[in-house]
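The values are calculated or read from the model by the stated rules, or taken from the named source; none is laboratory data. Worth saying up front: this structure is predicted, and the values here are computed from it rather than measured. Here the Cβ is made from the backbone with ideal geometry for all residues, glycine too, and neighbour counts use every protein chain on show.
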Ligand code: DGY
């Protein structure tokens, strides 16, 4: 292993849990310590490679918490199984960095942290939408370099969102929360696509529309699109929220970018490989009125050549879930995934409602295991 520094908490704990990054707050450590875990935490900000993870797993490791920046592949699960590990939790809701099939084959449960980051990620997608549509970052740079000489009729013209069409691809928890922010907050019409219709989303928007009509106001329109192409052709703003899997890699490629309106806004706060980033750079270069708001990148932490030189893109460093409350909550859920399995608790039946886990007296249940069904649990 390189020169990475590891800290040990509760050194006398009989169960050994490896955590590959310091996590926010103290509560998650208290949870692990009270389940008799010795917790070994990597204090370095550098990303661990699989060899380093395998080395730290060693010959005894009961549980582990890792990051979306690491590859938890077959070789790592071989090492975990040999060390007696029963549970791994990703410190994220997404788990495209984890070979879940390999974990399942070795009887290891894989946890994630849903629910707690829905609002934060949806809000960040909304922030990117506003920043891109109203050219907030370009204007900020202009101010800072002393460009502002006084109000002008055509200074930094952007696009009004009210009454325009919002396209949402992927209407799961985060996509639906984002759709509601934009429809209810900005009165955008909604055109969405997913592999299946979301009755929950449609009924909530319908209730909001009823409320507006009762108040004598115009209600937005909400429509399901049969395919992603329809959304891309018709929407003024398109935000991506599908799961990243082999079928969705480069779902936005050069062909699909060409389908979009010349001055559309494209938002991605989901996973970088959904977009062919080189094709996006080309498209942004050719169409100055087209704007993008990105939280995630195809090859993080790198970005495609030329992307950062373009004025019509807003870029932030994968901070969708980066609120203090959210990141502390994610740490609590990851710790409870580990201790719940080690203590033999049942799976949580409350589905997406993880609020009870965030209080002082969490339920005696495992919050979220993604391969429970495959493991026959
Ligand atoms: C996730 O949880 O998958 C996000 O990308 C990080 O918060």
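Brief remarks follow.
- Qualifying residue in the range 311-324 (condition: away from the ligand (no atom under 12 Å from the Cβ), loosely packed, with under 15 Cβ neighbours inside 10 Å and under 30 Å from residue 9 (Cα atoms)): yes
- Taking the criterion of being surrounded by fewer than 17 Cβ atoms within 10 Å (Cβ to Cβ) and within 16 Å of the ligand (Cβ to nearest atom), the residues of the range 274-310 that qualify are 299, 300, 301.
- Of all residues in the range 1-43, those satisfying the criterion of being under 18 Å from residue 91 (Cβ atoms), in contact with a strand residue (DSSP E or B) (Cβ under 9 Å, 6 or more places away or on another chain) and in a loop (DSSP other than H, G, I, E, B) are 4, 20, 21, 22, 23, 35, 43.
For (1) buried (at least 21 other Cβ atoms within 10 Å of the Cβ); (2) assigned to a loop (DSSP other than H, G, I, E, B); (3) on the phi > 0 side of the Ramachandran plot, each residue gets a yes or a no:
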residue: 127; (1), (2), (3): no, no, no
residue: 150; (1), (2), (3): no, yes, yes
residue: 154; (1), (2), (3): no, yes, no
residue: 159; (1), (2), (3): no, yes, no
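- Screening the candidates 296, 281, 249 for the property of being in contact with a helix residue (DSSP H, G or I) (Cβ under 7 Å, 6 or more places away or on another chain), at pLDDT 95 or above, assigned to a helix (DSSP H, G or I) and within 30 Å of residue 47 (Cα to Cα) yields one hit, 281.
- Residue among 223, 255 that is out of contact with any strand residue (DSSP E or B) (no Cβ under 7 Å at 6 or more places or on another chain) and not in a loop (DSSP other than H, G, I, E, B): 255
- Complete set of residues in the range 48-95 that are in contact (Cβ under 8 Å) with a residue 60 or more places away in the chain and surrounded by fewer than 17 Cβ atoms within 10 Å (Cβ to Cβ): 69
- Within the range 70-102, tally of residues that are out of contact with any strand residue (DSSP E or B) (no Cβ under 8 Å at 6 or more places or on another chain) and near the ligand (Cβ under 10 Å from one of its atoms): 4
- Qualifying residue in the range 103-118 (condition: more than 30 Å from residue 40 (Cβ to Cβ), assigned to a helix (DSSP H, G or I) and within 16 Å of the ligand (Cβ to nearest atom)): yes
- Residue within the range 323-338 that is in a loop (DSSP other than H, G, I, E, B) and in contact with a helix residue (DSSP H, G or I) (Cβ under 6 Å, 6 or more places away or on another chain) present: yes
- Among the residues here, residue 166 qualifies as more than 16 Å from the ligand (Cβ to nearest atom), touching a helix residue (DSSP H, G or I) at 6+ places or on another chain (Cβ under 7 Å) and touching a residue at least 60 places away in the same chain (Cβ under 8 Å).
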